[in-house]
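Structure first, commentary second.
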Amino acid sequence: MTQQHLAAAVRSLMPRAKADLAELVAFPSVADPRQFPVEECEKAARWVADALAAEGLTGVRLLDTPDGTQSVYAELPGPAGAPTVLLYSHYDVQPPLDESAWQSPPFELTERDGRWYGRGAADCKGNILMHLTALRALREVDGGLPVALKVIVEGSEEQGTGGLERYAEAHPELLAADVIVIGDTGNFAPGLPTVTASLRGMTVVEVALTTLGGNLHSGAFGGAAPDALQAMVRLLGTLHDEHGDVAVAGLTADQVWPGVQYDEQQFRADAKVLDGVGLTGTGTVADRLWARPSVTVLGIDAPPVIGATSSVQAAAKALVSLRIPPGTELKAAQQALVAHLEAAVPWGAQATVTLLSGGEAFSADTTGPAYEAMGEAMQEAFGRPMVSSGEGGSIPLCNTLRTLYPQAEIILIGVEEPTTQIHAVNESVDPEELERMALTEALFLRAYARLRSA
């Protein structure tokens, strides 16, 4: 069957994809029992398992991973001598943040201005539907798959607790494949077919400062009593220089990105930077996003404005994220960040810096037959050549898979183009992007099987 038949099949499956995505988005599957009941993740896992079983996959089961969450595994034998392809995604999602800031309920898929809105609509439940739609189209048009297939859908990727990594290390045969397709990134711009060639690593630390035995009246004691919140503000301010570049000793912040560039005006539009507000850091946008480290304060424990009292604060706590570019070793970066924070604590405040999680940066080898097949598939699906870009985010599993299966090609694709607003309020997916990426994946499976048998 021709590419046109496959494209028509994918298009006809889009109403089903929307209905399925609506069901999946309805589960508030945040893998943090402090925020949402663990049963919601369990329901989402069972939904994914049932969907894979309905497509004829065998060996469908829920894996109890060491972090207390569940991953979904399934497989399907292929024709004799066919290569094995592993498809990855995750069903857990980021918390919705301020639900009042959403224009529609975060866990109710809502169509607006041609896009589908909801938490996880892109990251990463939209990518689960990319996989399912590709498989459905191939079954409809070709009657089956040209490759042996494995599917793994993780349940705690957003929490970074490493459950699937540790499970894979204990069961190395489970995810072995010739090529691994990570459905958790996206195109550099809508309509521009992209593979992600590099990922920054990440580490997260918690910083706690204590200065007093308890809060004090700010009129009676303010001006001399050391304020822990003020100390925290000063400490966090030392992490960047006056330009906004990372200023942590031992971390290089002048690397250059050699590939596709990110136009600054386009970035300002994609990031919704307000008029008159400058960007942080130096170098090109691509340098800052993909080649250099970045530090972000993820949260601060402090009194909210509403209800605050006139008090000098006795204690403060912050969560700090460090993104690490390829070429920087994780442990060295962690040590540098911890040493910087400990050395920069003002006024002798009692400080505790705790490492919470970490993952190495990742660079892909883009020279193998799987990348050739993906380039062919993207050209057919989008009508323009494939490009490769970096990604400022982190997927720690990638390095685990590369260590376990050094001969496997790893390709990162997905539906998460810049306007999807993943991890933010009003996350959405463009159904046209979902359709083209599902077609891309179906064409890729065909092309890869053909190239490997040639």
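The values are calculated or read from the model by the stated rules, or taken from the named source; none is laboratory data. This structure is a prediction, so every number in the text was calculated from the model and none was measured. Note that we place each Cβ from the backbone using ideal geometry, even for glycine, and neighbour counts take in every protein chain shown. These area figures cover heavy atoms from the full protein model, side chains too; ligands, DNA and RNA do not enter into them. Shrake-Rupley method; radii C 1.70, N 1.55, O 1.52, S 1.80 Å.
Any idea which of ARG452, ARG446, ARG436, ARG384 is part of a helix (DSSP H, G or I), of a type in the set (D, E, K, R) and surrounded by fewer than 22 Cβ atoms within 10 Å (Cβ to Cβ)?
Sole residue among the options that is part of a helix (DSSP H, G or I), of a type in the set (D, E, K, R) and surrounded by fewer than 22 Cβ atoms within 10 Å (Cβ to Cβ): ARG452.
Sort through SER71, SER100 and tell me the only one that's hydroxyl-bearing (Ser, Thr, Tyr) and free of Cβ contacts under 8 Å to residues at least 12 places away in the same chain. Before the answer, list the steps.
Details: SER71 fails: free of Cβ contacts under 8 Å to residues at least 12 places away in the same chain.
Sole residue among the options that is hydroxyl-bearing (Ser, Thr, Tyr) and free of Cβ contacts under 8 Å to residues at least 12 places away in the same chain: SER100.
Does ALA122 count as surrounded by 24 or more Cβ atoms within 10 Å (Cβ to Cβ), of a type in the set (A, V, I, L, M), part of a loop (DSSP other than H, G, I, E, B) and touching a helix residue (DSSP H, G or I) at 6+ places or on another chain (Cβ under 9 Å)? Explain how you work it out, then say what you get.
On the way: surrounded by 24 or more Cβ atoms within 10 Å (Cβ to Cβ): yes; of a type in the set (A, V, I, L, M): yes; part of a loop (DSSP other than H, G, I, E, B): yes; touching a helix residue (DSSP H, G or I) at 6+ places or on another chain (Cβ under 9 Å): yes.
So ALA122 passes the test.
Considering only residues of the stretch 154-175 that are touching a His at 6+ places or on another chain (Cβ under 8 Å) and among the charged types (D, E, K, R), which is nearest to GLN94 (Cα to Cα)?
GLU158
Mind checking which residues of the stretch 61-105 are open to solvent by less than 70 Å² (accessible area, probe 1.4 Å), among the hydrophobic types (A, V, I, L, M, F, W, C) and part of a loop (DSSP other than H, G, I, E, B)?
ALA82, VAL93, TRP102
Return the total of residues in the stretch 1-60 being open to solvent by 70 Å² or more (accessible area, probe 1.4 Å) and acidic (Asp, Glu).
Summing the residues that are open to solvent by 70 Å² or more (accessible area, probe 1.4 Å) and acidic (Asp, Glu) in the stretch 1-60 gives 4.
Only one of (1) among the charged types (D, E, K, R); (2) open to solvent by 40 Å² or more (accessible area, probe 1.4 Å); (3) within 16 Å of the chain's Cα centre (by Cα); (4) over 24 Å from VAL204 (Cβ atoms) is not met by GLU417, so which one is it?
With (1) among the charged types (D, E, K, R); (2) open to solvent by 40 Å² or more (accessible area, probe 1.4 Å); (3) within 16 Å of the chain's Cα centre (by Cα); (4) over 24 Å from VAL204 (Cβ atoms) applied to GLU417, the lone miss is (2).
So the check is Cβ under 6 Å with 6+ separation or different chains; which pairs have a first residue in the stretch 315-339 that's over 22 Å from GLY237 (Cα atoms) and a second one that's of a type in the set (Asp, Glu) and part of a loop (DSSP other than H, G, I, E, B)?
LEU330/GLU360
Take the residues in the stretch 314-331 that are among the basic types (Lys, Arg) and under 22 Å from the mean Cα position of the chain (by Cα), then tell me which one is most open to solvent (accessible area, probe 1.4 Å).
Restricting attention to the stretch 314-331, the residues satisfying the condition of being among the basic types (Lys, Arg) are 317, 323, 331.
Filter once more, so that each one left must be under 22 Å from the mean Cα position of the chain (by Cα): 323, 331.
Working: ARG323: 56, LYS331: 123 Å².
Looking at the filtered set, the residue picked out is LYS331.
Residue check: is ASP275 in a helix (DSSP H, G or I) and farther than 27 Å from ALA228 by Cα?
no
Return the residues of the stretch 177-224 that are surrounded by fewer than 19 Cβ atoms within 10 Å (Cβ to Cβ), within 26 Å of VAL320 (Cα to Cα) and either more than 28 Å from the chain's Cα centre (by Cα) or polar (S, T, N, Q) (or both); say none if nothing qualifies.
Residues satisfying the conditions are THR210, LEU212, GLY213, GLY214, ASN215.
Being open to solvent by 50 Å² or more (accessible area, probe 1.4 Å) and in contact with an Asp or Glu (Cβ under 8 Å, 6 or more places away or on another chain), is that true of even one residue in the stretch 387-403?
Within the stretch 387-403, the subset open to solvent by 50 Å² or more (accessible area, probe 1.4 Å) is 388, 391, 402-403.
Subsequent filtering for residues that are in contact with an Asp or Glu (Cβ under 8 Å, 6 or more places away or on another chain) retains none.
Within the stretch 387-403, not a single residue is open to solvent by 50 Å² or more (accessible area, probe 1.4 Å) and in contact with an Asp or Glu (Cβ under 8 Å, 6 or more places away or on another chain).
Identify the residue in the stretch 125-148 that is assigned to a loop (DSSP other than H, G, I, E, B) and not β-branched (Val, Ile, Thr) and, among all such residues, is most open to solvent (accessible area, probe 1.4 Å). It would help to see each step written out before you state the result.
To start, the set of residues in the stretch 125-148 that are assigned to a loop (DSSP other than H, G, I, E, B) comprises 143-147.
Filter once more, so that each one left must be not β-branched (Val, Ile, Thr): 143-146.
On the way: GLY143: 69, GLY144: 23, LEU145: 27, PRO146: 35 Å².
Among them, the one singled out is GLY143.
Does GLN334 satisfy being open to solvent by less than 60 Å² (accessible area, probe 1.4 Å) and modelled with pLDDT of 95 or more? Give the steps one after another, and end with the answer.
Details: open to solvent by less than 60 Å² (accessible area, probe 1.4 Å): yes; modelled with pLDDT of 95 or more: yes.
For GLN334, the condition - open to solvent by less than 60 Å² (accessible area, probe 1.4 Å) and modelled with pLDDT of 95 or more - is met.
Would the stretch 354-375 turn up any residue that is under 14 Å from VAL246 (Cβ atoms) and out of contact with any Pro (no Cβ under 6 Å at 6 or more places or on another chain)? Before the answer, list the steps.
Kept after step one, since they are under 14 Å from VAL246 (Cβ atoms), are these residues of the stretch 354-375: none.
No, every residue in the stretch 354-375 fails to be under 14 Å from VAL246 (Cβ atoms) and out of contact with any Pro (no Cβ under 6 Å at 6 or more places or on another chain).
Show the residue pairs that are 6+ apart or on different chains and have beta-carbon atoms under 6 Å apart, the first residue being within the stretch 402-418 and at positive phi, the second being buried (at least 20 other Cβ atoms within 10 Å of the Cβ) and of a type in the set (Ser, Thr, Tyr).
So the pair list comes out as GLY414/THR185.
Please determine whether any residue of the stretch 394-407 is among the aliphatic types (A, V, I, L, M), at pLDDT 95 or above and more than 22 Å from the chain's Cα centre (by Cα). Outline the logic, then answer.
Going residue by residue through the stretch 394-407, those that are among the aliphatic types (A, V, I, L, M) are 395, 397, 401, 404.
Applying the additional criterion that residues be at pLDDT 95 or above yields 401, 404.
Of the ones still in play, those that are also more than 22 Å from the chain's Cα centre (by Cα) are none.
No, the stretch 394-407 has no match at all.
Scanning the stretch 247-289 for residues that are out of contact with any Pro (no Cβ under 9 Å at 6 or more places or on another chain), acidic (Asp, Glu) and touching a residue at least 12 places away in the same chain (Cβ under 8 Å), which turns out least open to solvent (accessible area, probe 1.4 Å)?
ASP287
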